[in-house]
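Everything on this sheet refers to the single structure shown next.
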Amino acid sequence: MAQLDPTTAFGGVFLHSTVEGQARLVRHPAPPAALLDPKTGRPLRIATVEVAGAGAICPSCAERAQGGFVSFVADLRMVYACPECEALVWMRGA
């Protein structure tokens, strides 16, 4: 697994951590106000940042981990940050 720069990993929203041998994410103490849309490059203002307390299944690698979710102002998409595949996975909004 590639090691990410902890200051820029996950768009600077989360920090990679390991607890009792399990990969997990924690909120960055000073996250950015926006993430760039991967298709348009347009900054999307962050509404909420949550760490999955009980774990979640990554839509990309299908591993269960304590990742994180990011939602945006005026955009229905969400991002799942996966500590297993070390990626931001963009999901369509409802």
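Brief remarks follow.
- Residues satisfying the stated conditions in segment 62-72, i.e. under 16 Å from Met91 (Cα atoms), within 14 Å of the chain's Cα centre (by Cα) and not polar (S, T, N, Q): Gly67, Gly68, Phe69, Val70, Phe72
- On the stretch given as segment 57-76, residues that are surrounded by fewer than 18 Cβ atoms within 10 Å (Cβ to Cβ) and out of contact with any Ser or Thr (no Cβ under 8 Å at 6 or more places or on another chain) total 11.
- Count of residues meeting criterion [over 13 Å from the mean Cα position of the chain (by Cα) and hydroxyl-bearing (Ser, Thr, Tyr)] in segment 18-55: 2
- Of the residues making up segment 1-42, those that are modelled with pLDDT of 90 or more, surrounded by fewer than 13 Cβ atoms within 10 Å (Cβ to Cβ) and assigned to a strand (DSSP E or B) number 1.
- Among residues of segment 52-84, those that are touching a strand residue (DSSP E or B) at 6+ places or on another chain (Cβ under 9 Å), part of a loop (DSSP other than H, G, I, E, B) and either closer than 13 Å to Arg27 by Cα or not charged (D, E, K, R) (or both), counted: 12
The values are calculated or read from the model by the stated rules, or taken from the named source; none is laboratory data. Worth saying up front: this structure is predicted, and the values here are computed from it rather than measured. Glycine gets a Cβ as well: all are built from the backbone with ideal geometry, and neighbour counts include every protein chain shown.
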